[in-house]
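Report on one structure; see the data block that follows.
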Amino acid sequence: MLQRLYGQLIVSCQARPDSPLHGWVFMAAMARAAEQAGAGGIRADGPEDIRAIRAVTTLPIVGIYKRRDLDPEVYITPRFEEARAVREAGADVIALDGTARPRPGGQTLPELIRRIHDELPGTLVMADISTLEEGLAAEAAGADIVCTTLSGYTPWSRRQEGPDLDLVSELVRAVRVPVIAEGRYWHPEEAAEALRRGAHSVVVGTAITNPRAIARRFVVAMQQAAKSLRESASDIQGGRHAFENCSTG
(Lines give C-alpha, C1' and ligand atoms only; values in the text may rest on other atoms or scores of the structure.)
Protein backbone atom coordinates (compact mmCIF):
# COMPACT_ATOMS: atom_id res chain seq x y z
CA MET A 1 0.00 0.00 0.00
CA LEU A 2 2.81 2.40 0.83
CA GLN A 3 4.49 1.58 -2.48
CA ARG A 4 1.26 2.39 -4.32
CA LEU A 5 1.08 5.77 -2.63
CA TYR A 6 4.72 6.72 -3.17
CA GLY A 7 5.02 9.99 -5.09
CA GLN A 8 1.25 10.15 -5.58
CA LEU A 9 -1.40 12.81 -5.18
CA ILE A 10 -4.01 11.85 -2.59
CA VAL A 11 -7.20 13.82 -3.14
CA SER A 12 -9.23 14.59 -0.05
CA CYS A 13 -12.90 14.17 -0.95
CA GLN A 14 -14.79 15.80 1.90
CA ALA A 15 -17.61 18.32 2.19
CA ARG A 16 -18.88 20.09 5.27
CA PRO A 17 -22.51 19.50 6.30
CA ASP A 18 -23.46 23.00 5.11
CA SER A 19 -21.98 22.43 1.64
CA PRO A 20 -24.28 21.79 -1.34
CA LEU A 21 -21.93 18.90 -2.18
CA HIS A 22 -22.32 17.15 1.16
CA GLY A 23 -23.26 13.50 0.74
CA TRP A 24 -21.88 10.19 -0.47
CA VAL A 25 -23.16 10.59 -4.04
CA PHE A 26 -21.08 13.70 -4.62
CA MET A 27 -18.02 12.36 -2.79
CA ALA A 28 -18.03 9.18 -4.86
CA ALA A 29 -18.24 11.27 -8.02
CA MET A 30 -15.33 13.42 -6.85
CA ALA A 31 -13.27 10.32 -6.15
CA ARG A 32 -13.93 9.01 -9.65
CA ALA A 33 -12.97 12.38 -11.13
CA ALA A 34 -9.75 12.38 -9.07
CA GLU A 35 -8.89 8.91 -10.29
CA GLN A 36 -9.52 9.93 -13.91
CA ALA A 37 -7.14 12.86 -13.38
CA GLY A 38 -4.39 10.48 -12.28
CA ALA A 39 -4.59 10.71 -8.48
CA GLY A 40 -3.07 7.79 -6.63
CA GLY A 41 -5.25 7.79 -3.53
CA ILE A 42 -8.31 9.24 -1.81
CA ARG A 43 -8.83 10.63 1.69
CA ALA A 44 -12.44 10.48 2.86
CA ASP A 45 -14.50 11.04 5.98
CA GLY A 46 -17.05 8.70 7.51
CA PRO A 47 -18.21 5.14 6.79
CA GLU A 48 -20.97 6.18 4.39
CA ASP A 49 -18.72 8.19 2.09
CA ILE A 50 -15.90 5.65 2.31
CA ARG A 51 -18.21 2.78 1.44
CA ALA A 52 -19.55 4.66 -1.58
CA ILE A 53 -16.05 5.59 -2.76
CA ARG A 54 -14.80 2.01 -2.34
CA ALA A 55 -17.61 0.88 -4.61
CA VAL A 56 -16.38 3.04 -7.51
CA THR A 57 -12.58 2.90 -7.23
CA THR A 58 -9.76 0.53 -6.36
CA LEU A 59 -7.45 3.37 -5.31
CA PRO A 60 -6.08 3.26 -1.77
CA ILE A 61 -8.37 5.06 0.66
CA VAL A 62 -7.16 6.98 3.70
CA GLY A 63 -10.18 6.93 5.96
CA ILE A 64 -11.06 9.23 8.82
CA TYR A 65 -14.16 9.63 10.96
CA LYS A 66 -14.76 13.12 12.28
CA ARG A 67 -16.71 13.21 15.54
CA ARG A 68 -17.01 16.81 16.65
CA ASP A 69 -19.94 15.75 18.81
CA LEU A 70 -17.49 13.88 21.04
CA ASP A 71 -14.77 16.53 21.21
CA PRO A 72 -14.49 19.86 19.37
CA GLU A 73 -10.69 19.58 19.25
CA VAL A 74 -9.70 15.90 19.03
CA TYR A 75 -12.31 14.83 16.49
CA ILE A 76 -10.36 13.00 13.76
CA THR A 77 -11.01 9.29 14.40
CA PRO A 78 -10.80 9.83 18.17
CA ARG A 79 -11.58 6.28 19.38
CA PHE A 80 -11.23 2.66 18.32
CA GLU A 81 -14.96 2.52 17.50
CA GLU A 82 -14.47 5.11 14.75
CA ALA A 83 -11.33 3.38 13.48
CA ARG A 84 -13.12 0.05 13.18
CA ALA A 85 -16.09 1.62 11.35
CA VAL A 86 -13.73 3.27 8.86
CA ARG A 87 -11.84 0.04 8.24
CA GLU A 88 -15.00 -2.01 7.80
CA ALA A 89 -16.28 0.54 5.28
CA GLY A 90 -13.25 -0.12 3.07
CA ALA A 91 -10.40 2.16 4.14
CA ASP A 92 -6.87 0.84 3.70
CA VAL A 93 -5.25 3.44 5.95
CA ILE A 94 -6.80 4.90 9.09
CA ALA A 95 -5.84 8.50 9.83
CA LEU A 96 -6.32 9.85 13.33
CA ASP A 97 -5.42 12.80 15.52
CA GLY A 98 -1.80 12.18 16.47
CA THR A 99 -1.39 15.03 18.95
CA ALA A 100 -0.83 14.56 22.67
CA ARG A 101 -4.23 16.02 23.57
CA PRO A 102 -6.56 13.88 25.74
CA ARG A 103 -8.82 11.70 23.63
CA PRO A 104 -12.52 10.99 24.18
CA GLY A 105 -12.75 7.84 26.27
CA GLY A 106 -9.36 8.43 27.87
CA GLN A 107 -7.35 6.06 25.64
CA THR A 108 -3.82 7.21 24.88
CA LEU A 109 -2.41 7.41 21.36
CA PRO A 110 -0.09 4.39 21.83
CA GLU A 111 -2.97 2.35 23.22
CA LEU A 112 -5.23 3.26 20.32
CA ILE A 113 -2.62 2.49 17.66
CA ARG A 114 -1.76 -0.81 19.32
CA ARG A 115 -5.40 -1.85 19.42
CA ILE A 116 -5.90 -0.97 15.75
CA HIS A 117 -2.89 -3.06 14.78
CA ASP A 118 -3.98 -5.95 17.00
CA GLU A 119 -7.69 -6.07 16.17
CA LEU A 120 -7.66 -4.75 12.60
CA PRO A 121 -4.71 -6.66 11.14
CA GLY A 122 -3.17 -5.29 7.97
CA THR A 123 -4.38 -1.76 8.69
CA LEU A 124 -1.92 1.10 8.42
CA VAL A 125 -2.23 3.98 10.87
CA MET A 126 -1.52 7.56 9.82
CA ALA A 127 -0.98 10.10 12.61
CA ASP A 128 -2.13 13.63 11.77
CA ILE A 129 0.29 15.90 13.63
CA SER A 130 1.17 19.59 13.85
CA THR A 131 4.80 19.71 15.06
CA LEU A 132 8.07 17.81 14.83
CA GLU A 133 7.75 16.70 18.44
CA GLU A 134 4.31 15.24 17.78
CA GLY A 135 5.66 13.42 14.74
CA LEU A 136 8.44 11.83 16.79
CA ALA A 137 5.98 10.86 19.51
CA ALA A 138 3.55 9.36 16.97
CA GLU A 139 6.32 7.26 15.46
CA ALA A 140 7.29 6.05 18.93
CA ALA A 141 3.61 5.23 19.56
CA GLY A 142 3.60 2.90 16.57
CA ALA A 143 2.18 5.02 13.75
CA ASP A 144 3.04 3.69 10.29
CA ILE A 145 2.86 7.16 8.69
CA VAL A 146 2.98 10.73 9.96
CA CYS A 147 1.13 13.51 8.18
CA THR A 148 1.38 17.30 8.55
CA THR A 149 -2.41 17.75 8.45
CA LEU A 150 -2.74 19.72 11.67
CA SER A 151 0.15 22.15 11.28
CA GLY A 152 -1.31 25.62 11.74
CA TYR A 153 -4.48 24.27 13.34
CA THR A 154 -3.22 23.80 16.89
CA PRO A 155 -2.30 26.73 19.16
CA TRP A 156 1.33 25.58 19.40
CA SER A 157 2.06 24.99 15.72
CA ARG A 158 3.27 27.44 13.07
CA ARG A 159 0.59 29.72 11.60
CA GLN A 160 1.13 30.58 7.96
CA GLU A 161 -0.91 31.12 4.83
CA GLY A 162 0.68 28.34 2.77
CA PRO A 163 1.78 24.77 3.54
CA ASP A 164 4.32 24.02 6.24
CA LEU A 165 7.09 22.78 3.97
CA ASP A 166 9.68 23.27 6.69
CA LEU A 167 7.84 20.77 8.88
CA VAL A 168 7.97 18.27 6.00
CA SER A 169 11.74 18.71 5.82
CA GLU A 170 12.16 18.40 9.59
CA LEU A 171 10.10 15.22 9.79
CA VAL A 172 11.85 13.58 6.84
CA ARG A 173 15.19 14.10 8.59
CA ALA A 174 13.94 12.94 12.00
CA VAL A 175 11.58 9.97 11.52
CA ARG A 176 11.97 6.61 9.83
CA VAL A 177 8.34 6.19 8.76
CA PRO A 178 6.93 7.80 5.60
CA VAL A 179 5.97 11.47 5.85
CA ILE A 180 2.86 12.62 4.00
CA ALA A 181 2.35 16.34 3.37
CA GLU A 182 -1.06 17.91 3.89
CA GLY A 183 -2.49 21.30 4.76
CA ARG A 184 -3.06 24.42 2.64
CA TYR A 185 -1.54 23.10 -0.57
CA TRP A 186 -3.09 25.45 -3.13
CA HIS A 187 -0.65 25.22 -6.02
CA PRO A 188 0.88 22.27 -7.92
CA GLU A 189 4.33 23.76 -7.41
CA GLU A 190 3.89 23.47 -3.63
CA ALA A 191 3.01 19.79 -3.89
CA ALA A 192 6.02 19.20 -6.13
CA GLU A 193 8.26 21.00 -3.63
CA ALA A 194 6.97 18.76 -0.83
CA LEU A 195 8.08 15.72 -2.83
CA ARG A 196 11.47 17.30 -3.43
CA ARG A 197 11.79 17.73 0.32
CA GLY A 198 11.18 14.04 0.86
CA ALA A 199 7.43 13.70 1.32
CA HIS A 200 6.15 10.22 0.50
CA SER A 201 3.02 11.70 -1.07
CA VAL A 202 0.83 14.79 -0.83
CA VAL A 203 -2.81 15.22 0.22
CA VAL A 204 -4.73 18.05 -1.42
CA GLY A 205 -8.34 18.77 -0.54
CA THR A 206 -9.83 22.26 -0.64
CA ALA A 207 -7.90 23.40 -3.72
CA ILE A 208 -9.41 20.51 -5.72
CA THR A 209 -12.69 19.44 -4.15
CA ASN A 210 -14.15 22.56 -2.53
CA PRO A 211 -15.59 24.73 -5.32
CA ARG A 212 -17.06 27.15 -2.79
CA ALA A 213 -13.61 27.94 -1.35
CA ILE A 214 -12.03 28.07 -4.81
CA ALA A 215 -14.69 30.45 -6.12
CA ARG A 216 -14.36 32.60 -2.99
CA ARG A 217 -10.65 33.13 -3.67
CA PHE A 218 -11.51 34.46 -7.14
CA VAL A 219 -14.29 36.64 -5.78
CA VAL A 220 -12.09 38.20 -3.09
CA ALA A 221 -9.23 38.87 -5.51
CA MET A 222 -11.55 40.46 -8.04
CA GLN A 223 -13.34 42.55 -5.42
CA GLN A 224 -10.00 43.90 -4.23
CA ALA A 225 -9.00 44.69 -7.82
CA ALA A 226 -12.33 46.42 -8.49
CA LYS A 227 -11.99 48.49 -5.31
CA SER A 228 -8.48 49.54 -6.31
CA LEU A 229 -9.69 50.53 -9.77
CA ARG A 230 -12.54 52.60 -8.31
CA GLU A 231 -10.17 54.37 -5.94
CA SER A 232 -7.74 55.08 -8.78
CA ALA A 233 -10.54 56.43 -10.95
CA SER A 234 -11.75 58.61 -8.09
CA ASP A 235 -8.24 60.00 -7.56
CA ILE A 236 -7.91 60.76 -11.26
CA GLN A 237 -11.33 62.45 -11.34
CA GLY A 238 -10.47 64.48 -8.26
CA GLY A 239 -7.21 65.56 -9.80
CA ARG A 240 -8.97 66.61 -12.99
CA HIS A 241 -11.47 68.74 -11.05
CA ALA A 242 -8.66 70.39 -9.11
CA PHE A 243 -6.81 71.17 -12.34
CA GLU A 244 -9.95 72.61 -13.96
CA ASN A 245 -10.69 74.79 -10.92
CA CYS A 246 -7.13 76.05 -10.87
CA SER A 247 -7.24 76.85 -14.60
CA THR A 248 -10.52 78.75 -14.44
CA GLY A 249 -9.48 80.60 -11.33
- request: Per DSSP H run of n ≥ 4, the term is -39500 (n - 2.57); total these for the chain, divide by its residue number, and report the mean residue ellipticity at 222 nm rounded to 500 deg cm²/dmol.
  value: -14500 deg cm²/dmol
message: How big is segment 1-116 along each principal axis, measuring the range of its Cα positions in Å and listing the largest first?
response: 42, 36, 22
message: Among (i) 42, 21, 17; (ii) 25, 21, 17; (iii) 36, 19, 17, only one was calculated for this model; which label is it, if the read-out is semi-axes √(5λ) of the Cα gyration tensor in Å?
response: (i)
- line: Computed D for segment 1-69, Stokes-Einstein, Kirkwood radius over alpha-carbon pairs, 10 °C, 1.306 mPa s, to the nearest µm² per second, is 131
- request: Pop a pseudo-label 7 angstrom from the Cα along the beta-carbon direction at both GLN223 and ARG115 and give the gap in nm to one decimal.
  value: 4.6
message: Which one, HIS187, TYR75, LEU21, projects farthest toward the positive side of the charge dipole computed for the chain from Cβ point charges (K/R +1, D/E -1)?
response: LEU21
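For segment 86-207, what is the accessible area per residue in Å² when the probe is 1.4 Å?
42
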field: For segment 47-112, the spread of Cα positions along each principal axis, largest first, Å
entry: 36, 23, 16
- prompt: How about segment 1-92: which chymotrypsin sites (Phe, Trp or Tyr not before Pro) there lie in a loop by DSSP and see at most 15 other Cβ atoms within 10 Å?
  reply: TYR6
query: Which of rounded, prolate, oblate describes segment 1-40, given a ≥ b ≥ c as roots of the alpha-carbon gyration tensor eigenvalues and a/c under 1.5 marking rounded, otherwise prolate only if a/b is larger than b/c?
result: prolate
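Using the Kirkwood formula over every pair of different C-alpha atoms, what hydrodynamic radius in Å results for segment 116-184?
On the way: mean 1/r = 0.0822 Å⁻¹.
Hydrodynamic radius (Kirkwood, Cα pairs) of segment 116-184 is 12.2 Å.
Could you work out what % of the accessible surface of the chain is carbon and sulfur, using a 1.4 angstrom probe and leaving DNA, RNA and ligands out of the count? All intermediate terms of the calculation are to be shown ahead of the outcome.
On the way: 6920 of 12760 Å².
Taking all protein chains in place, the chain shows 54 percent carbon and sulfur surface.
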field: Size of charge dipole - the chain - debye, nearest 20, with Cβ of Lys, Arg +1 and Asp, Glu -1, no other charges
entry: 380
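The values are calculated or read from the model by the stated rules, or taken from the named source; none is laboratory data. Model, not experiment: these values are computed from the prediction. FYI the Cβ positions are ideal-geometry reconstructions off the backbone, even for glycines, and counts take in every protein chain you see. With ligands, DNA and RNA removed, areas are computed over all heavy atoms of the protein, side chains included. Shrake-Rupley method; radii C 1.70, N 1.55, O 1.52, S 1.80 Å.
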